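Please treat every number below as a calculation from the coordinates, not as lab data. Nothing here was measured: the structure is a model prediction, and the numbers come from that model. Heads up, the Cβs are rebuilt from the backbone with ideal geometry, glycines too, and the neighbour counts pull from every protein chain shown.
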Amino acid sequence: MRHIPRSFFRRDSRELAPLLLNKVLRHGDRTVRLVEVEAYAGSDDPGSHAYRGLRPRNATMFGPPGHLYVYRSYGVHWCANVVCGDDGWASAVLLRGATPLSGVDEMYACRPGIVRDRELCGGPGRLCQALGIDGTFDGTDIVSGTDGVLLCDDGTPPPDDPGISTRIGITPGKGHELPWRYYARGAVGVSRAPSR
């Protein structure tokens, strides 16, 4: 595994998102390959939590880059985003789906009732549950890995021709038409078929 420098994350979420495909996310003994992501562009994006500016809930999105922004979706599921861009500019990439690589038995233990790998980390809430990522990891540094969560590169390049679609679960009028979802075609862990 190769270290990813913080400079890698100092770019717009729409540029970073497809580059995150096939990167490896590790939490302890559990590792996954990222196969589906969505870009969120702060004040330029009505679907972003940072669209209306800095709030206590979204403060992590404003930097520095290379950290996780973790939030609770609908009061039920934890979702993790990679913070990117320059300090003070809220930009992040939602981690939507992943292929399990190691620590799979531990992931299954965290996801009772799941029997297939494709359902283990297919969806942002499922991914966080399988990896044991919750609100206590908001702000964790994925460059240094000091909290046990590290994003790294095993030499597998991003897909030459990633799937691209509109984002999932965005309300009409909040950027639902923007094609900012990227995924590795045919990969285990892609949460659902493309919306267009």
For the chain: relative contact order, % (alpha-carbon pairs under 8 angstrom, 6 or more apart):
29 percent
Helix-only estimate, please: 222 nm mean residue ellipticity of the chain, summing -39500 (n - 2.57) across DSSP H runs of length 4 or more and dividing by its residues, to the nearest 500.
-3500 deg cm²/dmol
Mean separation of Cα contacts under 8 Å (6+ apart) over length of segment 101-177, as relative contact order %:
15 percent
Expressed in angstrom and ordered largest first, the alpha-carbon extents of segment 72-116 along the principal axes are 41, 27, 14
Rounded to the nearest 0.05, FRET efficiency between Arg72 and Met1 (Cβ-Cβ, R0 45 Å) equals 0.90
Over segment 32-108, what is the relative contact order in whole percent, taking alpha-carbon pairs under 8 Å and six or more residues apart?
37 percent
Provide the gained length on full extension for the span Asp44 to Ile164, in nm with one decimal, where the gain is 0.36 nm per separating residue minus the Cα-Cα distance.
41.2 nm
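For segment 1-77, what is the convex hull (Cα atoms) projected area averaged across all directions, in square nanometres?
Mean orientational projected area (segment 1-77, Cα hull): 6.3 nm².
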Name the residue farthest towards the positive end of the dipole of segment 1-68 from the options Leu25, Met61, Val37, assuming +1 on Cβ of Lys and Arg, -1 on Cβ of Asp and Glu, about the Cα centre.
Leu25
When you count, for each residue, the other Cβ atoms within 10 Å and take the mean per peptide, how do 110-123, 91-104 rank with the highest first?
91-104, 110-123
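Write down Rg/Rh for the chain, rounded to two decimals, with Rg from the C-alpha atoms and Rh from the Kirkwood relation over Cα pairs.
0.93
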Amide N proximity, segment 140-155 versus Asp29 label position 7 Å along Cα-to-Cβ, cut-off under 15 Å:
none
Using only the Cα atoms of segment 40-100, what are the Rg and Dmax in Å?
11.2, 35
